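Only one structure is covered here, and it is reproduced in the block below.
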């Protein structure tokens, strides 16, 4: 089994509401029941640093992440079901995490 990260983009036009909070609660409950949820968080502000030169701006279009275990990318895609960003028409990027 491999680890995958789901990166939630800030591209939904759906406003935050009590319904959104409830949807996240249901989603996290389902993730926990799967036994393959490894954690996640919303992302706050920050800053980029570079040893030399001018650092880039932070990637503001990514608002949070969820880490799961899955057998394949297709298996990881099953975690999109019920994800409030995905269900609201937004983008969720899935990446396999390297073991090295």
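General observations
- Complete set of residues in region 66-98 that are exposed (fewer than 14 other Cβ atoms within 10 Å of the Cβ) and in a strand (DSSP E or B): 93, 95, 96
- Number of the exception - residue 51 against (1) outside any loop (DSSP other than H, G, I, E, B); (2) more than 13 Å from residue 1 (Cβ to Cβ): (1)
- Among the residues of region 1-37, the ones that are in contact with a strand residue (DSSP E or B) (Cβ under 9 Å, 6 or more places away or on another chain), surrounded by 10 or more Cβ atoms within 10 Å (Cβ to Cβ) and more than 21 Å from residue 91 (Cβ to Cβ) come to 4 in all.
For every residue, the table says whether it meets (1) in a loop (DSSP other than H, G, I, E, B); (2) farther than 16 Å from residue 81 by Cβ.
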residue	(1), (2)
14	yes, yes
21	no, yes
30	no, no
38	no, yes
41	no, yes
47	yes, yes
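- Pairs, first on the phi < 0 side of the Ramachandran plot and in contact (Cβ under 8 Å) with a residue 60 or more places away in the chain in region 28-56, second surrounded by 10 or more Cβ atoms within 10 Å (Cβ to Cβ) and in a loop (DSSP other than H, G, I, E, B), C-beta under 9 Å, six or more apart: none
A short reminder: the numbers here are calculations on the coordinates, not readings from a lab. The shown structure was predicted, so the numbers you read here are calculated from the model rather than taken from an experiment. A quick note on method: Cβ atoms are made from the backbone with ideal geometry, for glycine too, and the neighbour counts reach across all protein chains shown.
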